[in-house]
Amino acid sequence: MTTTGDTGTVYITGAASERGIGRKLAERLGESGWNLGLLDLAEGPLTELAASLVERHGVLAAGAAVDVSDEQSVDTAIRRLEEELPPATALVNIAGISSPIPFLDLDLATWERVMRINATGTFLTTHRVMPGMVERRYGRIVNLGSTAMQNGGGTYSKSSYAASKGAVEAFSRAVALEMAPHGVTVNVVAPATIDTDIMGGRITDDRKPAFLAQLPVGRLGTTGEVAALIEFLIGQDAGYITGATYNINGGIRIG
């Protein structure tokens with residue numbers, strides 16, 4: 001398959017989870033004509049997804065296993081994507097983990113693991129792709145934040161997760177300011193409760209009332225709604241938006 005996407009090439013971390021935002025985004029962008037570099041821990045699901053997207057949408061797609069918390073792993077995985085795909089015009093950092101452990105029960109190992117995957121992982125992938133974007137004077141980066149950062153925690157996740165997403169948001173704003181003169185935008189999408197596995201597994205009927213009680217719209221958000229917002233922010237029409245945080249939270253936090 002030699003067809004290239006009409007829209008550009010996007011790298012998506014956290015793309016493999018069957019019920020995740022990353023996979024839904026890959027499906028949506030493939031349909032829109034993007035070439036896709038898919039990154040996650042497990043290579044098997046990535047290979048299958050890439051093959052499916054190529055067959056259904058005629059775009060280029062490739063998968064590479066990565067541990068986003070490890071610099072060498074990030075370099076190796078992205079180098080592989082660079083060999084198989086046109087240069088990246090967008091990067092979406094979705095890979096992450098949550099933690100429901102209360103602060104008084106939190107140990108240093110858990111704190112460091114959450115921070116390393118969520119915050120350091122975002123730094124490493126961004127740092128790896130940024131030079132090429134600067135050289136080409138064009139790029140779009142979207143990092144996944146969370147309402148948990150704004151509210152000091154969520155219905156499920158607690159302090160380590162909130163802190164890691166706070167680091168992501170502060171990092172994104174600083175990099176946005178530095179990179180603006182080079183034609184690269186950096187923004188944050190901050191969802192509230194989306195029914196994905198990062199919420200400790202499927203939000204079943206017995207778990208749902210605790211989540212819905214905090215949501216003025218009276219329902220959970222969908223991965224498709226988050227993916228639609230990200231698609232806009234990585235598109236050409238979003239070039240005047242940078243350093244922004246977009247809340248997609250069902251009204252749990254206004255403003």
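Just so you know, all these numbers are worked out from the coordinates, no wet-lab data involved. Since the structure is predicted, the reported quantities are computational estimates derived from the model, not experimental observations. Cβ sites come from the backbone with ideal geometry, for glycine too, and all protein chains shown count toward neighbours.
Brief remarks follow.
- Rounded to the nearest whole Hz, the Karplus-based 3J(HN,Hα) values (6.51 cos²θ - 1.76 cosθ + 1.60, θ = phi - 60°) of the range 10-22 follow the sequence 10, 9, 10, 8, x, 8, 8, 4, 4, 10, x, 5, x, with x at glycine and proline.
- Projecting the Cα atoms of V186, G132, G14 onto the dipole axis of the chain, where Lys and Arg carry +1 and Asp and Glu carry -1 at the beta carbon, places V186 farthest toward the positive end.
- Values (i) 1.07; (ii) 0.95; (iii) 0.99 are given for comparison; Rg/Rh (Cα atoms, Kirkwood Rh), derived from the coordinates here, is the one labelled (ii).
- Neighbourhood charge, 15 Å Cβ-Cβ cut-off, centred on A148 and excluding it, Lys, Arg +1 and Asp, Glu -1: +2
- Inter-part distance, the range 1-79 to the range 121-140, computed on C-alpha centroids, equals 17 Å.
- Chain lengthening between T245 and A174 when straightened (0.36 nm per residue, less Cα-Cα): 24.3 nm
- By the count of neighbouring beta-carbon atoms within 10 Å, fewest first, D107, D75 end up ordered D107, D75.
- For the chain: relative contact order, % (alpha-carbon pairs under 8 angstrom, 6 or more apart): 19
- Residue-averaged 222 nm ellipticity for the chain, from DSSP H runs of 4+ at -39500 (n - 2.57), nearest 500: -13000 deg cm²/dmol
- Global form of the range 82-127, assessed from the alpha-carbon gyration tensor, a/c cut-off 1.5: prolate
- Computed E for R219/R136 - FRET, C-beta separation, R0 45 angstrom, nearest 0.05: 0.65
- Sorted by Cβ neighbour density within 10 Å, fewest at the top, the residues H57, H127: H127, H57
- In this structure, the amide hydrogen of A190, modeled 1.01 Å from its nitrogen in the peptide plane, lies closer than 5 angstrom to those of G145, Y246, N247, I248, counting only residues at least 5 positions away or on a different chain.
- Qualifying GluC sites (Glu not before Pro) in the range 14-43, where qualification requires a DSSP coil assignment and no more than 16 other C-beta atoms within 10 Å, comprise E18.
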